[in-house]
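See structure below.
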Amino acid sequence: MFTGSIGNVFGGDALSTKKTWALAIGGGGAHGIGSELEYSQIENFFETPDGVAHGRILTLMPSIFVAVPINKLRPYGIFGFGFIRQRTEASVGGVFSNFSDDDIGYNVGGGVIFQFARNMGIRGDLRRFKVRKSNGLSFQRLTVGLVLGG
């Protein structure tokens, strides 16, 4: 299945609500267990003391999910471990450049998929993202997306 999502990031280190988008590809297997690979981007995540927004966050997360099919609804829980890249003017490059421990993180959450046609549905998803350090970057993300396939 392929999913394109839009939504907002809030809480944690997000000083105000930020817009985000995500693209995911994955699929389910036996017993409602599946996997997905998701790329997402948040623009203007950081703010200077005078309120000027700058920088971005890039994530690339392979995840495992467990879904419970109930007729046309499929509630699920999801957990992923991958890259959370912080980019400001001082740090440039893509999601695969200049790896460090600060860039490894996880996401955990859940949501529901409503399948309104045989190979098409919508998904609501809420996740928490955290860089794998005690004082690492963290935020929550709420998205709504179109699911093709599945």
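The values are calculated or read from the model by the stated rules, or taken from the named source; none is laboratory data. Remember, it's a predicted structure, so these values are computed and weren't measured experimentally. Glycine also receives a Cβ, built like all others from the backbone with ideal geometry; neighbour counts cover every protein chain displayed.
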Residues that are assigned to a strand (DSSP E or B) and hydrophobic (A, V, I, L, M, F, W, C), drawn from the range 28-40: ILE33, LEU37
Tabulated pairs, the range 16-27, first in a strand (DSSP E or B), second among the acidic types (Asp, Glu) and surrounded by 15 or more Cβ atoms within 10 Å (Cβ to Cβ), C-beta under 6 angstrom, 6+ apart or interchain: ALA22/GLU38; ALA24/GLU36; ALA24/GLU38; GLY26/GLU36
Unmet criterion (only one of (1) among the aliphatic types (A, V, I, L, M); (2) in contact (Cβ under 8 Å) with a residue 60 or more places away in the chain; (3) closer than 17 Å to VAL147 by Cβ) for VAL9: (3)
Residue selected from the range 96-133 under the condition modelled with pLDDT under 95 and polar (S, T, N, Q), by the criterion surrounded by the most Cβ atoms within 10 Å (Cβ to Cβ): GLN115
Flag for GLY136 being surrounded by 17 or more Cβ atoms within 10 Å (Cβ to Cβ) and touching a Pro at 6+ places or on another chain (Cβ under 8 Å): no
Hits in the range 37-55 (condition: among the charged types (D, E, K, R) and modelled with pLDDT of 90 or more): GLU38, GLU43
Close pairs from the range 45-71: first touching a residue at least 40 places away in the same chain (Cβ under 8 Å) and closer than 25 Å to GLN86 by Cβ, partner among the aromatic types (Phe, Trp, Tyr) and outside any loop (DSSP other than H, G, I, E, B), Cβ under 6 Å, at least 6 apart: ILE57/PHE45
